[in-house]
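Each remark here refers to the structure printed beneath this line.
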Amino acid sequence: MIPRAASRPTLKDVAAAAHVSVSTVSYALNDESRVRLAAETRSRIRRIAKELGYTPNGIARSLQSRSSRSIGVVVSKPLTFLRYAAIVQGAGTAITGHGFRMAVLPDASGASFIDDCRSGLLDGLIFIGHDDVSVPELLVEAAADGSAPLVTIDAGTPGPEAPYSSVDFDYAAGAESMVQELRGRGITTVLHLRPEVSSRAERERQAALMRALGRADRLTLQVVSTGLRDEELRRTGQDPGLDRTYLDRLTARLRAALSEADGPAGSTAVLCSWGADVEATLSVVTAGFPGTTVASLASGWPRVELWERLIYSALPLQEAGERAVELLAGELRPDARHEHVMLTPRIQPPPGQAPPPQG
């Protein structure tokens with residue numbers, strides 16, 4: 001039995017115990033080495049290394065190869081936003097499947113980890129945007145000079161000259177599919193509940209709804225503004241009282257719009273743009289407007305007892321994370337080509353209820 005060293009054993013310690021050179025030890029312990037060693041020599045060196053308690057220094061190996069087998073996932077909002085958590089979960093599963101590790105990076109500016117990419121502590125980056133959150137210029141520059149391979153999620157489809165790959169959601173297709181779903185259910189009046197914010201997703205959805213409305217016979221759409229604007233949205237997280245004010249305003253406006261809606265029973269639907277508005281909408285409908293359909297262009301997370309009455313357009317969030325990792329694996333290859341993937345939301349009817357035929 002070879003005695004263990006008092007401190008952490010090194011390659012030199014293994015080499016001395018095995019009476020070989022340090023480079024021979026390195027070749028014997030490296031599964032990817034192309035240097036041929038006798039099987040007996042390789043086996044003997046590995047046995048001695050194990051007896052000494054030698055373990056590879058991962059940091060040193062990363063510095064030598066300029067690869068840490070680590071991927072940085074850049075989030076522009078906290079993971080308490082379930083939307084982000086779902087994307088990160090999908091990315092994490094795929095990253096592990098590729099033999100990498102994941103580092104969640106909350107600094108959306110990119111300033112704090114570009115050097116980590118250049119030094120090899122991170123092999124590449126996945127940037128998760130939302131609405132009008134644009135890709136930081138530092139990340140674009142690092143992708144362009146090859147020091148930080150990059151894939152973006154939900155940050156808008158980049159131009160043809162962009163030096164990175166992307167995954168985006170087809171918000172317009174989701175809105176158009178929802179109109180078809182509601183028409184198939186006999187809906188003739190749609191109250192579109194939406195905020196007044198400068199959101200890319202909102203612009204795309206609104207334009208798609210107008211196009212779909214122009215093609216749909218016997219279907220009318222009325223916009224019901226929640227009154228929420230950009231400045232109030234930014235202040236909501238800082239002042240909890242604003243949430244109560246917002247909900248009171250939303251429910252009052254929705255009740256008024258539903259009271260004025262014309263048409264036979266069961267022919268009206270409230271279509272929420274935001275998942276955050278779903279629970280309040282379901283509560284208003286349940287309390288005073290039975291028979292009204294509630295639908296949403298985002299899933300939201302209402303209470304369990306309300307969930308079964310919601311039709312929603314589900315964004316493939318976990319799939320977005322998984323696809324981004326696949327694209328980044330391509331970006332890490334020498335013959336990398338930048339690709340842009342568009343994922344389509346899927347209509348989810350209430351549990352146990354099959355979607356009706358589309359007319």
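Over the stretch 76-235, what per residue volume does the convex hull of the Cα atoms give, in whole Å³?
Given the Cα convex hull of the stretch 76-235, per-residue volume reads 145 Å³.
A256 to K50: extension gain in nm, 0.36 nm per residue of separation minus the Cα-Cα distance? Don't skip to the answer; put the middle values down first.
Working: separation 206, 0.36 × 206 = 74.16 nm, distance 7.54 nm.
Result: 66.6 nm gained on full extension.
Estimate the FRET efficiency between S198 and T157 by the formula 1/(1 + (r/R0)^6), using the beta-carbon distance for r and 30 Å for R0, to the nearest 0.05.
0.95
Counting Lys +1, Arg +1, Asp -1, Glu -1, what net charge surrounds H98 among other residues with beta carbon under 12 Å of its beta carbon?
Numbers: positive: R69, R101; negative: D123, E322, E326.
Taking every Cβ under 12 Å from that of H98, the sum is -1.
What is the calculated FRET efficiency for T344 to A144, with r their C-beta to C-beta distance and R₀ = 45 Å, to the nearest 0.05?
0.90
Highest mean first, what order results for 255-267, 284-296, 161-173 on Cβ atoms within 10 Å?
Values: 255-267: 13.2, 284-296: 17.8, 161-173: 20.6.
Ranking the peptides 255-267, 284-296, 161-173 by packing returns 161-173, 284-296, 255-267.
Given H placed 1.01 Å from N in the peptide plane, which residues other than close sequence neighbours of L228 have an amide H under 5 Å from its amide H?
E196
Tell me, in nm to one decimal, what length is gained between E231 and R333 on full extension, where the rule is 0.36 nm per residue of separation less the Cα-Cα distance?
32.4 nm
What is the distance, in nm, between label points placed 7 Å from the Cα along the Cα-to-Cβ direction at R118 and at E40?
5.2 nm
Can you pull the one-decimal nm distance between simple spin-label points at E319 and K77, each 7 Å off the Cα toward Cβ?
It works out to 2.1 nm between the two label points.
Which of the peptides 328-335, 90-97, 206-213 is most tightly packed, and how do the rest follow, going by the mean number of other Cβ atoms within 10 Å of each residue? Working shown, then result.
Working: 328-335: 14.4, 90-97: 19.0, 206-213: 17.0.
Going from most to least packed, we get 90-97, 206-213, 328-335.
Compute the length gained on full extension between R218 and S134: take 0.36 nm times their separation in residues and subtract their Cα-Cα distance, giving the result in nm to one decimal. Display every interim value, and only then the final one.
Numbers: separation 84, 0.36 × 84 = 30.24 nm, distance 3.91 nm.
Taking 0.36 nm per residue and subtracting the Cα distance, the gain is 26.3 nm.
Based on the mean of other beta carbon atoms within 10 Å per residue, what is the order of 219-226, 151-158, most packed first?
Answer by packing, highest mean first, reads 151-158, 219-226.
For the stretch 173-255, count all C-alpha to C-alpha pairs, find those more than 15 Å apart, and express that count as a whole percent of the total.
The share of Cα pairs beyond 15 Å in the stretch 173-255 comes to 63 percent.
Only the coordinates and a few stated rules stand behind these numbers; no lab work does. The shown structure was predicted, so the numbers you read here are calculated from the model rather than taken from an experiment. Cβ: placed from backbone, ideal geometry, glycine included. Neighbour counts: every protein chain shown.
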